[in-house]
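Undergrad: Got a structure for you, written out below as structure tokens; questions coming shortly.
The values are calculated or read from the model by the stated rules, or taken from the named source; none is laboratory data. These figures come from a predicted structure and were not determined experimentally. Note that we place each Cβ from the backbone using ideal geometry, even for glycine, and neighbour counts take in every protein chain shown.
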Amino acid sequence: MEFSQYLPIWDKLTPDQQNRIAQAIDYRKVSKGTFIHDSSADCLGLLLIRSGQLRTYILSDEGREITIGRLFQYDVCLLSASCVMPDMQFNIMIEAEKDSEFWSIPACLFKNLMDASLPVANFANGLISGHFSDLMWLMEQIMWKSLDKRLAAFLLEESALEGTSTLKLTHEKIAAHLGTAREVVTRMLRYFQGEGMVKLGRGTVELTDLPALKKLDP
């Protein structure tokens, strides 16, 4: 059972619990751009990422997005099981940023395992704590870090993830990641271009002065 390699607590489960997961787990293969989860509409379950890249983000009442984080191979996500966390008051969205594969353990089954197994409960609490830390870090960035620093950090992170200095990103997509308006991103990118840090093209941003960008995000 390949998926067992992606669930860190597999060896702490009883044979019966392992069998219940094996019978209920669902495998999905999705294309880039696929919308996977909306916590206001469903409760997908615990996600085990086999390959690819998923993006988790919050959507405001006005329709503005802001990225919480990314999920990669071997990552585990509990944000897709909002019914396991009934006190969560914000709407979590998940989409595929690249062609991806993942398994999902139904939320109702995972909740039952949490109630019956201390290792599962501890594992879930660790995931919730990690997600909460990510949200606190995000709030800190928004409240205390200027947009030029956040934009520089984002561009450097994208460059590292993609392994290239030429990023295929629209201004609108960058704005969605940072939780701001497209016009604000455009002005800042044009400033970066004027300073020789980037070169803008149609749907692309080329990083031309990495040391300068790194100085903005020390």
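Undergrad: Tell me, please, whether a residue that is under 23 Å from residue 176 (Cα atoms), surrounded by 14 or more Cβ atoms within 10 Å (Cβ to Cβ), modelled with pLDDT of 90 or more and in the same structural domain as residue 28 (by TED's automatic domain parsing) can be found in the stretch 125-135.
TA: no
Undergrad: Residue by residue through the stretch 195-218, note down the ones that are in contact (Cβ under 8 Å) with a residue 60 or more places away in the chain and either in a strand (DSSP E or B) or touching a strand residue (DSSP E or B) at 6+ places or on another chain (Cβ under 8 Å) (or both).
TA: Correct list: 213 only.
Undergrad: Only one of 169, 155, 161, 151 is assigned to a loop (DSSP other than H, G, I, E, B), assigned by TED's automatic domain parsing to the domain that holds residue 200, out of contact with any His (no Cβ under 6 Å at 6 or more places or on another chain) and not hydroxyl-bearing (Ser, Thr, Tyr); which?
TA: 169
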